[in-house]
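Colleague: What follows is a structure written as structure tokens; I'll ask about it next.
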Amino acid sequence: MVSSAKWYTTMANVRFDTKQEEEIEYHTDYKNLNASLRTHAPDPSLGYGNNTTGSNLYAVLKKFLNNGKVSLCGALVFIAVKRYPDESDVSDIITQLRANHVFVYIVVDSIPSGGSNSATLYEMSFKTNGYCLFASYWNLVEGFQFMTFVLGKYQFVAQNFWVSGSGRIELPAFNTPTPVDWVEQLAITVQNHTLDNSFVSMNYTVESTDGSYIHQFPSNQSYPLFGTAESNFLYLNGSLSYKWTIDYHYNTDEPQIIECRMYSYYYHDFLPLPDFK
């Protein structure tokens, strides 16, 4: 994560959910960011010391959005959450994030240390074309690592699908911004809450329309599902068109959300955001 931050002119970090609120630290050098992260590692002794207080994440985010020091346009925000917030309406924050094309990426521990509402965390990432994964233990660590690999890349696919039961999704044929063979990143999520027994399976295929390339999940060429998200690297070529087909199976008729994302090292303009009222 830190080494990829060198692609950015400004970086920032802060711990939240501490008894003594900490200030956001801004950096212009990724080495300074690394040093700050190392000296501000998570420390339970600084926390609230109970399992009832909600997270102060949104208060910290508001400070960032109103910092007056650095440009926000196109910023990527990565958040690791153990304590859930209590707020049920964060539309003001989401509106401000969207107005500045800020992408929010969140990993949420499925075993919270406090708080009551994880739904707004998912909503905030969803409405900004980021994504949110729920996991615990090692899956949380691995999922967060893959999530941060989007640093230094441009999003060129961002689509969302409401599904239930079993079925198939076929995304419209697309092209990568990459002019030659190059590594692109894919991410997909399968639920908008902690993974539960209603999820049975998901598999997908990314294939060139001329049949010369195929990537499948699950397979020995893919990484596994970490909690509710899976991410992989594909070798795509800008001269070809590709199709992404997803088969899903849930044992419920309750609506589920599948998020589909792709990223390239080559420039692509901001994509349309999901509807938000």
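Please treat every number below as a calculation from the coordinates, not as lab data. All values derive from a computational prediction rather than experimental measurement. Glycine gets a Cβ as well: all are built from the backbone with ideal geometry, and neighbour counts include every protein chain shown.
Colleague: Expressed in nm to one decimal, what extension gain is obtained for the pair LYS277 and THR53 from 0.36 nm per residue of sequence separation less their Cα-Cα distance?
Modeller: On the way: separation 224, 0.36 × 224 = 80.64 nm, distance 2.90 nm.
The span from LYS277 to THR53 would gain 77.7 nm if fully extended.
Colleague: Further question: Along the charge dipole of region 150-277, Cβ charges K/R +1 and D/E -1, which of VAL157, SER222, ASN251 sits furthest on the positive end?
Modeller: Ranked along the dipole, the leading option is VAL157.
Colleague: Roughly speaking, what is the stretch gain from LYS19 to TRP182, that is 0.36 nm per residue apart minus the C-alpha to C-alpha distance, in nm to one decimal? Please report the intermediate quantities before stating the final value.
Modeller: Working: separation 163, 0.36 × 163 = 58.68 nm, distance 4.62 nm.
Extending this stretch completely gives an extra 54.1 nm.
Colleague: In nanometres, what is the gap between the two model label sites at SER201 and SER45, each 7 Å from Cα along Cα-to-Cβ?
Modeller: Distance between label points: 5.0 nm.
Colleague: Quick check for me: using +1 on Lys/Arg Cβ and -1 on Asp/Glu Cβ, what's the dipole size of region 3-128 about its Cα centre, in debye to the nearest 20?
Modeller: Here region 3-128 has a charge dipole of around 360 debye.
Colleague: Between SER164 and PHE149, 0.36 nm times their residue separation minus their Cα-Cα distance comes to what? Kindly include the intermediate steps, with their values, before the conclusion.
Modeller: Details: separation 15, 0.36 × 15 = 5.40 nm, distance 2.99 nm.
2.4 nm is the gain from fully extending SER164 to PHE149.
Colleague: What residue among GLY211, GLY49, GLY238 shows peak mean-square fluctuation when the chain is described by a Gaussian network model with Cα springs under 10 Å?
Modeller: It is GLY211.
Colleague: Treat every Asp and Glu Cβ in the chain as -1 and every Lys and Arg Cβ as +1, leave all other atoms uncharged, and give the resulting dipole magnitude about the Cα centre to the nearest 20 debye. Walk me through the numbers before you get to the answer.
Modeller: On the way: 17 positive and 27 negative charges, 132 e Å.
Dipole of the chain, to the nearest 20 debye: 640 debye.
Colleague: Okay, moving on. I'm spelling it out carefully: the read-out is Cα extents along the principal axes in Å, the candidates are [x] 97, 49, 40; [y] 58, 43, 37; [z] 51, 44, 33, and one was derived from this structure. Which label?
Modeller: Checked against the structure: label [y].
Colleague: Go ahead and estimate [θ] at 222 nm for the chain from helices alone: -39,500 (n - 2.57) per DSSP H run with n ≥ 4, summed, over the residue count, rounded to 500.
Modeller: Details: 5 runs with 48 residues, N = 277.
Counting only the DSSP helices, I get -5000 deg cm²/dmol.
Colleague: What is the spread of the Cα atoms of region 107-153 along each of their three principal axes, largest first, in whole Å?
Modeller: For region 107-153, the Cα extents along the three principal axes come out at 33, 27, 10 Å.
Colleague: Mind listing the long-range amide H neighbours of PHE156? Cut-off is under 5 Å, sequence gap 5 or more, other chains count too, H placed in the peptide plane at 1.01 Å from N.
Modeller: Hits under the 5 Å cutoff: MET262, TYR263, SER264.
Colleague: From the residues HIS40, ILE188, VAL206, which one has its Cα farthest along the dipole of the chain in the positive direction, the dipole being from +1 and -1 charges on Cβ of Lys/Arg and Asp/Glu about the Cα centre?
Modeller: HIS40
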